[in-house]
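Bear in mind these aren't lab numbers, they're just calculated from the coordinates by the rules spelled out. Please read all numbers here as calculations on a predicted model, not as lab measurements. Cβ sites come from the backbone with ideal geometry, for glycine too, and all protein chains shown count toward neighbours.
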Amino acid sequence: MNRVRLSLLIAAWVASATAARAADPLTAVFAGEVGRLDAGRGALTAELAALPVPAGADTGPHRGWHSAPLPSADTPAWVVVDLGRTWPVDRIGLVPASGEAETRGGPGYGFPVRFRVELADDPEFTNATAVGDFTATDLPNPGPLPVVADAGGRSGRYVRVTVTRAWPRQDDWIVALGEVTVLSGPRNVALGAKVRTSRGNRAVPTWDAQYLTDGRSLLGPPAGRDPSPSNGFLAAHSRTPGVEKWVEVDLGRAVPVDEVRLFPSRPTDFADSPGLGFPRRFRVEAAEGEAFAAPRPLFETARDDFPNPGDEVVSLPGDGRPARVVRVTATLLQDRGGLSSFGLAELQVWSGGANAALGKPVRASDVFANTQFPRWRPEYLVDGYNGRHRILDLPAWLDGLNRRRQVVDELAEVERAREAAARVAAGRAVWITAGLVGAAGLVAGGIVWRGRRTRRREVEALRARIASDLHDEVGSQLAGISLAAQLAAGGVTDPAGVRDRLEEIGQTARDATDAMRDIVWLLKSGPVTLPELIARLRETAATALRGTDHQFEAPGGSTGGPCRWSSPARSAWCSRRRWRTRSGTPGRRPCG
C-alpha cells in the first residue's frame, strides 16, 4: 500500500509539474489568438484615452425631434434640414437624444437602427447624392456619441435622413434625434435651419423638429481633454442686474466676420455653476475702426431673457462684412441672489475658417479683481480654453467623437471575439491537460505494476527461503528426533544410553523450537525496534555460548527507535546465526 500511495503521489506531482510547464506553451500554441486580441484591445484602449469625451451636457427642456409611434420597424420616416442656401458640406453629424427612464431612455434613445443620409439642391431630392449609407446592417446604439457621414465637400442646400429601420421601444417603434450638425469648413451651417419631418410628434418644450438645429445636444462644447489654466473673463460685480457692462476684442485689422461664438464660463475655483455670469440680455456689435466708432449690430436679444446656455456654445452668424473690433454688451446681468455679474469663458470671431480673436488684446468696461481668484483675467477671454478644457475646432472634435464611437464598437467586438477564443483555448487546454494527466496516470500505473511485480518476486524468494529453512532446519531436526527415538526404542538397554538419547532428543527439539521461533520472528510485520533486536541478540549469545561463562553488554539497549531491517535481511541473519550456532562459532552483532 505504501508503494501504491507513493506512486499516486508521484503521478500527481508529474501531472501538476507538467501542466505548469505546459501553461506557457499552451498559451502560445492554443491561445495565440487571445494574445493577438489582447494586443489589439490594448491599442484601442490607448487610442480611446486620447479621444475627446462627450460632456453629457444638460440640454434643458429641449431634447430634439421625436417621431410618432410607428406601426412596424420597417415603416419609413424621414427628416429634412434646409440650410437656407447652398453650402459645400464636409460632414453631417447625427447626435443622439436622451429619453425618459420610463421609456427605456438614456443616451441613444430612439436612434435609428438603419438609415441613409442624402444631400440635394432641391427640396424634392430628385438628384440627391447619398453621403452616408447605414442600411446594410443594424448599427449598434451609439449612446451619447454622434454618427458622422463624410460628404466630401459636395454642395447642397437640403439634408435628408431617411430611416429604414426604426428603434424598438416597449410595444412599438420610434425614431428620435437630438441634433443634426452640418459642417462647412469649421462652421455648423445647420444652426437655426428650418426642419420638416414625416410622422412628427410635437411635444413642446421637450420634442419638436426645430430642436434639431438649436445647437443644444448631449455632446456639450467642442472641447478636448487638456485641462484649462483659466476661467475666462469676469466683470466687476454689481448690486443690481440692470447695469450695462461690456467686453471687446481688437482683431488687429478688419476681417470679414462669418460667425461669433460665445463660450459660457464654468469655473473650477467657484461652486460648480454652468453658465456663470452669462447675461440674460445682451447684444453683439462690430466696428471697422479701432475706436469702435459707428458699430453695427450682429445680434441682440429680444424682450425675453436669453436662456442660460449652461455648457453649450452660443453661435451667432456674422454678416460677412469687415470688422476690427467685436464687442459684447450685457444689458441685463445674471442675478445671483443680490450679486449680479457678467462673465464669459471664451469669445471667438471666425473669419475665413480661422478664429481671428485668438490671443488678441481685450478691453472691458471694468474687471473683477480679486487675488484669491487669479483664474479670471481679461486676456483669458481669448486663450483658447472654455474654463475646463482646451477648445477644439468643430471638424476635429466631431471626427474625434465619431472615432470614439467606432473604437467603443471595435472594443466590444474584440471583447466578444476574445471571449470566444478564450473558450476555444480553454477547451483545447483541457484536452491537452487531460492527455498529460492520462499519460501521468499510465506512468503511475507502470510504477505500481513494477512495484507489485518486485514485491511478488520478494515474496516468492521469501517463501523459497522459508521452505529451505523448514527443510534444512526443522526437517533435519525432526528426522534426528525420529532416528534417536527409534534407537532408544529399538535396542538400547543401557539406561545411561537411553538417557543420552533422550537428552539428544530434547536438545534437537529445542533447536527445532528455536528454528521455528526464528521463522516466526522473520515473518513478523513492521519494523524491529532496537530493544527487540538486543533481546534477540541476547538469546542468540546465550545459545551460542551455552556452557561458557560470558557477559552480554548492550549500552543504551533499553530504549531506541526501530532498526529497519527488511524481511530478506532478517532471514539472512537468521541463517547465519543458526549456521554459526551449529558450528560453535560465536555470532556477530547483526545490526549496526
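Scalar couplings 3J(HN,Hα) for the stretch 110-123, obtained by applying the Karplus form with A = 6.51, B = -1.76, C = 1.60 to θ = phi - 60°, are x, 5, x, 7, 9, 6, 9, 10, 10, 10, 8, 9, 10, x Hz; x denotes Gly and Pro.
Assuming R0 = 56 Å, can you tell me the calculated FRET efficiency for the pair Val424 and Asp319, based on Cβ-Cβ distance, to the nearest 0.05? It would help to have the intermediate numbers written out before the result.
Working: r = 65 Å, r/R0 = 1.16.
So the FRET efficiency works out to roughly 0.30.
Using alpha carbons only, what's the Rg to Rh ratio of the stretch 374-449 with Rh from Kirkwood?
Details: Rg = 29.3 Å, Rh = 18.5 Å.
For the stretch 374-449, the value is 1.59.
Under 5 Å from the amide H of Gly200 lie the amide H atoms of Ala68, each residue being 5 or more positions distant or on a separate chain, with H modelled from the backbone and absent for Pro and chain starts.
Phi angles of the stretch 189-201 translate, via the Karplus equation with coefficients 6.51, -1.76, 1.60 and θ = phi - 60°, into HN-Hα couplings of 7, 8, 4, x, 6, 6, 10, 10, 9, 9, 6, x, 10 Hz per residue; Gly and Pro are given as x. Its residues counted as N, the stretch 242-341 yields a C-alpha radius of gyration over 2.2 N^0.38 Å of 1.13.
Ranked from highest to lowest mean number of other Cβ atoms within 10 Å per residue, what is the order of the peptides 349-362, 173-186?
On the way: 349-362: 18.2, 173-186: 23.6.
Answer by packing, highest mean first, reads 173-186, 349-362.
You can think of it this way: the chain between Glu379 and Ile466 has 20.0 nm of extra reach, that is 0.36 nm per residue less the Cα-Cα gap.
For the stretch 65-213, the gyration tensor built on C-alpha atoms gives a prolate shape. Its axis ratio a/c (a ≥ b ≥ c) is at least 1.5, and a/b is the larger of a/b and b/c. Candidates Thr331, Ala291, Ala236 compared by Cα position along the dipole of the stretch 223-391: farthest toward the positive end lies Ala236, with charges placed on Cβ. Across all Cα atoms of the stretch 272-420, the radius of gyration (one decimal) and Dmax (whole number) stand at 19.7, 71 Å. The order of the peptides 388-394, 136-142, 403-409 by mean Cβ neighbours within 10 Å, most packed first, is 388-394, 403-409, 136-142. Here the Karplus curve 6.51 cos²θ - 1.76 cosθ + 1.60, taken at θ = phi - 60°, turns the phi angles of the stretch 69-75 into couplings of x, 9, x, 8, 5, 8, 5 Hz, with x standing for Gly and Pro. For the pair Ala417 and Ser155 in one chain, pulling the backbone fully straight at 0.36 nm per residue adds 90.2 nm over the alpha carbon distance. Less than 5 angstrom separates the built amide H of Phe368 from those of Leu234, Ala235, Ala236, all sequence-distant by 5 or more or on a different chain.
Given a Förster radius of 35 Å and the C-beta distance between Asn141 and Ala271 as r, what FRET efficiency does 1/(1 + (r/R0)^6) yield to the nearest 0.05?
Working: r = 35 Å, r/R0 = 1.00.
So the FRET efficiency works out to roughly 0.50.
Taken about its Cα centre, the stretch 369-423 carries a charge dipole of about 200 debye when Lys and Arg each add +1 at the Cβ and Asp and Glu each add -1 at the Cβ.
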